[in-house]
Amino acid sequence: MNGSRITNVGAIYGQTIECDCGKVHHIEPRQVIYRDAAWTRLPVVLSECTTGRRAVLLMDSRTRRVAGKAAADLLRGADWEVCDVLVPDPAAGAWPVCDDHTHDWLLRRIEGADVGLSIGSGVMSDLGKWIAFDLDLPFVCFATAASMNGYASANVAATINGVKTLVRARSPRVVLSAPAVLREAPYELTSAGLGDILAKSVSSADWRMNHFLFGDYYCRRSVSLVAEIEPLYMDRPESVRQREPEAIAALFHGLLLTGVAMTMAETSAPASGGEHLVSHTLDMMSSLDGTPHDLHGRQVGIGTVLAAELYRRIINLESPEFAPPAMKIDREFWGGLSDAVESHYAPKRERLRSAVEVLSRGNAWERLRQEVEPLLRPPERIHNCLKRAGAAYRAEDIGCSPERLLRAFLHAHEIRSRFTVIDLAHLVGLLPQAGAEIIETWF
């Protein structure tokens, strides 16, 4: 029964859908190959993407050992010319990063390719999409961990000029992975994937809120893609911790479908709301003071608990008074990133004014609560799921003090133009006053 759920949701890949939202969705990736020794399919898969025989293969030192070297050898044995690029670690013990410097470094080393291939997880996937878009190449990804929701999307979460930024790039034609590879991946990566996908309820509510307040495009179908398989990892999170095949498969396909939702929407909004901004802010704080940060998805799980608690408190407000916050960034906090942060925050000022105007009309507040509440999960359920799965559920689990987490929580709304539950909490006067108490309650 559970296997059929995964088969059913997987039928969407490569389809063209005339949607009730008014758009025609051309679903990428066209194919997902999830089977034992899936990398043996690479010569055929790449041949279906291009008539050329030159592939650029991106990997890091870890993913080279897992599948990268085997993939390169296999392709060369099938008469492919392979330019394999080992993306370096920025420092001893650190992971590669997806930023403008790494992007430019890669472009200088790649020429004459016919197809792009990444072997890895978040950073390798994002760099591959970004480079493939810039060089106008078809792109294929071999996933080595069920660690994040971006594999199937066209979006790249890149750091540009020190600020976490969304870059629109190119979806993969095909995503491949092997059950054994995902089960044997470091569990911190798998737990990051769980944190990333649990954000779906909050990000969907944020997206619906933007539709209600500003008339932004919204697609119900894209929001509901993971509904059928969500119980396979959320109701039994211990099965993820124990690396049970069905749970890992459900988590992986859930992450893929969340990426599909972003491509359908042509925005990251279905999968990235206020909870993601907390994680991005922690990353940016790290770049300012050198304090290490954790994996994105592990931080997102913490941010999702915070955002879910904000939504619960906001929905319980019967007749709040709305007032725009100061509408300026904290330059002392952001230091050398202030000008870059300001450029991202500036477009939101008009949205903040508009939100106050809309919410002050008639029964708008009650209608908004009715719109978003069905999409949400209680913070207790999210927190408990993370705990039972052995994922990050405390500030200390991500190497962060409660005080540092509070600073990220109170500044996260400044880094993007997108309106989220964190902005709404400021409009109704919940933040910054309740920030410390919320952190103390949960972390």
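The values are calculated or read from the model by the stated rules, or taken from the named source; none is laboratory data. Predicted model, so just to flag it, every value in this text is computed and none were measured. Here the Cβ is made from the backbone with ideal geometry for all residues, glycine too, and neighbour counts use every protein chain on show.
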Filtered residue count, region 316-339, keeping only those that are surrounded by 15 or more Cβ atoms within 10 Å (Cβ to Cβ) and aliphatic (A, V, I, L, M): 2
Candidate set: region 200-240, residues that are of a type in the set (D, E, K, R) and under 18 Å from Arg418 (Cα atoms); chosen: the one nearest to the chain's Cα centre (by Cα): Lys200
So which residues in region 247-291 are within 23 Å of Leu166 (Cβ to Cβ), among the β-branched types (Val, Ile, Thr) and either touching a Lys or Arg at 6+ places or on another chain (Cβ under 8 Å) or assigned to a helix (DSSP H, G or I) (or both)? Thr258, Val260, Thr263, Val278, Thr281
Out of curiosity, is Ile131 more than 17 Å from Tyr233 (Cβ to Cβ), out of contact with any Lys or Arg (no Cβ under 6 Å at 6 or more places or on another chain), surrounded by fewer than 21 Cβ atoms within 10 Å (Cβ to Cβ) and aliphatic (A, V, I, L, M)? no
If you take just the strands (runs of 3 or more DSSP E) that sit entirely in region 113-164, which of them hold at least 3 residues that are in contact (Cβ under 8 Å) with a residue 12 or more places away in the chain and either of a type in the set (S, T, N, Q) or within 19 Å of Ala38 (Cβ to Cβ) (or both)? 115-120, 139-143
I need the full set of residues from region 170-199 which are buried (at least 21 other Cβ atoms within 10 Å of the Cβ), part of a loop (DSSP other than H, G, I, E, B) and of a type outside the set (D, E, K, R), in order please. Ser171, Pro172, Ala178, Ala185, Ala199
Can you tell which of Ser191, Ser177, Ser147 is closer than 28 Å to Leu375 by Cβ and either assigned by TED's automatic domain parsing to the domain that holds Ala72 or acidic (Asp, Glu) (or both)? Ser147
Out of all the residues in region 292-315, is one or more more than 30 Å from Arg168 (Cβ to Cβ) and assigned to a loop (DSSP other than H, G, I, E, B)? no
What is the residue count in region 8-33 for residues that are in contact (Cβ under 8 Å) with a residue 40 or more places away in the chain and either closer than 15 Å to His253 by Cβ or of a type outside the set (A, V, I, L, M) (or both)? 17
Condition (residue is among the polar types (S, T, N, Q), over 17 Å from Asp235 (Cβ atoms) and assigned to a helix (DSSP H, G or I)) applied to region 391-403: is it met by at least one residue? no
